[in-house]
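**Student:** Let me give you the structure first, and then I'll get to my questions.
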Amino acid sequence: MSSYFEIIVFTASHSCYANVVLDYLDPKKQYIHHRLYRESCVPTPEGVHIKDLRIFINRDPTDLILVDNAAYSFGLQIDNGIPIIPYYDNKEDQELKTLMPFLRTLAEAQDVRELIRQTFKFHLYTKYDSPKTALEKLVLAR
């Protein structure tokens with residue numbers, strides 16, 4: 001995907017852990033352009049670390065995509081977020097490969113947020129007071 005995008009890994013992990021993984025995935029440092037770690041996240045009182053894309057002051061939000069297995073990670077900019085199933089020791093994991101066609105579509109978009117909003121509809125969940133109510137209303141609305 002680095003031929004389509006500037007790849008910035010923004011993780012809530014500590015750098016000592018993340019760098020080991022990222023160095024394994026990209027040993028020649030030719031695909032991952034930048035790395036951001038837990039200290040770049042916004043901590044909540046509950047101990048959750050949110051990824052606030054406003055940290056990218058020199059990037060246009062219409063071009064930013066945040067792929068994450070924790071939807072709360074992109075809660076401050078829900079229309080930039082793409083959910084993905086977590087990877088936990090599953091050597092058969094194909095989630096990122098499955099996501100590639102959609103990402104290629106986003107590479108051509110004027111504003112990635114519009115396509116993400118149409119596809120994932122996270123904005124609809126903000127209308128309800130609980131995830132359960134949102135699911136009930138949204139499933140019945142189909």
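**Student:** Between 0 and 90 degrees, rounded to the nearest ten: what's the tilt of helix 131-140 against the longest Cα principal axis of the chain?
**Tutor:** 60
**Student:** Using the alpha carbon gyration tensor of region 29-121, what are the three equivalent-ellipsoid semi-axes (square root of 5 times each eigenvalue), largest first, in whole Å? Walk me through the intermediate numbers first.
**Tutor:** Values: eigenvalues 81, 70, 43 Å².
Sorted largest first and rounded, they come to 20, 19, 15 Å.
**Student:** Looking at the chain, identify the longest residue range that excludes and avoids all GluC sites (Glu not before Pro) in DSSP loops having at most 16 other Cβ atoms within 10 Å.
**Tutor:** For GluC sites (Glu not before Pro) (loop position, at most 16 other Cβ atoms within 10 Å), the longest site-free span of the chain is 47-91.
**Student:** Now for a different question. Using alpha carbon centroids, what distance separates region 35-67 and region 99-140, in Å?
**Tutor:** With region 35-67 and region 99-140 each reduced to a Cα centre, they are spaced 19 Å.
**Student:** DSSP loop (so not H, G, I, E, B), at most 14 other Cβ within 10 Å: list which chymotrypsin sites (Phe, Trp or Tyr not before Pro) in region 51-125 pass both filters.
**Tutor:** Tyr87, Tyr88
**Student:** Suppose the chain between Arg117 and Ser13 were pulled fully straight at 0.36 nm per residue; how much longer would it get relative to their current alpha carbon spacing?
**Tutor:** Contour length minus the Cα-Cα distance gives 34.7 nm.
**Student:** How far is helix 15-25 tilted off the main Cα axis of the chain, in degrees rounded to 10, range 0 to 90?
**Tutor:** 80
**Student:** With the chain treated as a Gaussian network of Cα nodes joined by springs under 10 Å, which of Leu103, Leu124, Leu53 yields the largest mean-square fluctuation?
**Tutor:** Between Leu103, Leu124, Leu53, it is Leu124 that shows the largest mean-square fluctuation.
**Student:** Picking from Ile85, Ile50, Ile65, which is most flexible by a Gaussian network model of the chain using Cα springs under 10 Å?
**Tutor:** For the chain, modelled as a Gaussian network with Cα springs under 10 Å, the answer is Ile85.
**Student:** Can I ask one more? Which entries of Lys28/Lys97; Lys29/Lys97; Lys51/Lys127; Lys91/Lys137 show an alpha-carbon separation above 27 angstrom in the structure shown?
**Tutor:** Flagged as over cut-off: Lys91/Lys137.
**Student:** Here's another thing I want to ask about it. Given a cut-off of under 8 Å on Cα pairs at least six residues apart, what relative contact order in percent is computed for the chain?
**Tutor:** Relative contact order for the chain comes out at 17 percent.
**Student:** Related question: Report, in deg cm²/dmol and to the nearest 500, the calculated mean residue ellipticity at 222 nm for the chain, where each DSSP H run with n ≥ 4 adds -39500 (n - 2.57) and the sum is divided by the residue count.
**Tutor:** Using -39500 (n - 2.57) per qualifying helix, the result is -9500 deg cm²/dmol.
Bear in mind these aren't lab numbers, they're just calculated from the coordinates by the rules spelled out. Bear in mind the structure is a predicted one, so any value in this text is a computation, not a measurement. Don't worry about glycine lacking a Cβ; one is built from the backbone with ideal geometry, like all the others, and counts go over all protein chains shown.
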